[in-house]
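The values are calculated or read from the model by the stated rules, or taken from the named source; none is laboratory data. Note that the coordinates shown come from a computational prediction; the quantities given were computed from them, not determined experimentally. In this analysis, Cβ positions are derived from the backbone assuming ideal geometry, glycine residues included, and neighbour counts consider all displayed protein chains. The accessibility values were calculated without ligands, DNA or RNA, using every heavy atom of the protein model including side chains. Shrake-Rupley method; radii C 1.70, N 1.55, O 1.52, S 1.80 Å.
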Amino acid sequence: MMMHHDIDYGTPASEQAETVALTIDGQRVQVPKGTSLMRAAVDAGIQVPKLCATDMLEPFGSCRLCLVEIEGRRGYPASCTTPAEAGMVVRTQTPKLQDLRKGVMELYISDHPLDCLTCSANGNCELQTQAGVVGLREVRYGVGGAEVDGVCGVHHTDAKKDESNPYFSYDPAKCIVCNRCVRACEEVQGTFALTISGRGFDSRVSPGQDQSFMDSDCVSCGACVQACPTATLEEKTVIELGQPENSVITTCAYCGVGCAFKAEMKGNAVVRMVPWKDGKANEGHSCIKGRFAWGYATHPDRITRPMIRA
């Protein structure tokens, strides 16, 4: 068995019928009008570094890792929020872009715990992956990227965890404020339970004013956990059992909707259930039952044979 890895195009697909042709890193690409440069690049087999972008959500343009160069234009626009236009000549890899991305990544890492070896997301962390992609090898700023009242070393790496939810953990020390969880709660689930509290360096994801996740309007659908690119929001089963090694496409057995899932496992033990993006009924989303209430699969009281009345 093997892991099923979905391609993340960074932004949703354009539904327009008209197409435009452009050149990305020397390759001619033809995409529907309205397609982002990031998605057009993926269509050409080119992965642009990203952290705040995912194709389950509308483009946001906050992480500044996906900067590109466009011939004839000044500046370095974000590829996730820039639509492809006919005749564009785009470069995604240049020495200047490399320096810009490395500098941005340094700022993220300067306020992030360097505990990758013991982190529950080790091997499945987008921040870790992108740090390698941009070639970051050292951080000049040390731990703590801010100075408050003349004191250096102010950081969030000792922020207190919220373990109130029975299914997932929230560790604000690892939050990079990419807004993906907030946007997933709004755009995918429609609950609007999460927000960004504070301003500037004090900005952090919050389930409400002085509230824990269990005290908030959170319905435990798991959309925020699925969207999180770090270990900020992580299933407690993954924290306990480690990263899954293989997966099987299956169907939720709770109701008749027919939501499709990837059952991610270690051997035959389920580690987590992830809504499958290609599922026709759920399109990558689910309710609390399908996402977290899968313990029945191995429960000793589960009926595994047909019950025939004599």
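Observations on the structure shown:
- With all protein chains in place and ligands, DNA and RNA left out, the 1.4 Å accessible area ranks Glu234, Glu138 as Glu138, Glu234, largest first.
- Angle of helix 95-109 to the longest C-alpha principal axis of the chain, folded into 0 to 90 degrees and rounded to 10: 50°.
- Considering only Cys80, Cys228, Cys116, the mean-square fluctuation computed in a Gaussian network model of the chain, springs between alpha carbons under 10 angstrom, is largest for Cys116.
- Taking the stretch 151-190 and a reference point 7 angstrom along Cα→Cβ of Ala281, the backbone N atoms nearer than 19 Å belong to 189.
- Spacing of the two label points (7 Å from each Cα toward its C-beta) at Leu107 and Ile303, in nm: 5.9 nm
- Non-local lysine pairs in the chain, meaning eight or more places apart or on different chains, with alpha-carbon distances under 18 Å, amount to 15.
- Protection proxy ranking, highest mean first, for peptides 182-195, 214-227: 214-227, 182-195, where packing is the per-residue count of other beta-carbon atoms within 10 Å, averaged.
- Shape category assigned to the stretch 12-87 from the gyration tensor of Cα positions, a/c cut at 1.5: oblate
- Most mobile of Ala121, Ala260, Ala281 in a GNM of the chain (Cα contacts under 10 Å): Ala281
- Cα-centred dipole magnitude for the chain, charges only on beta-carbon of K, R (+1) and D, E (-1), debye, nearest 20: 640 debye
- Accessible surface of the chain [probe 1.4 Å, protein heavy atoms]: carbon and sulfur percent: 51 percent
- Rounded accessible area of His4 (nearest 10 Å², 1.4 Å probe): 70 Å²
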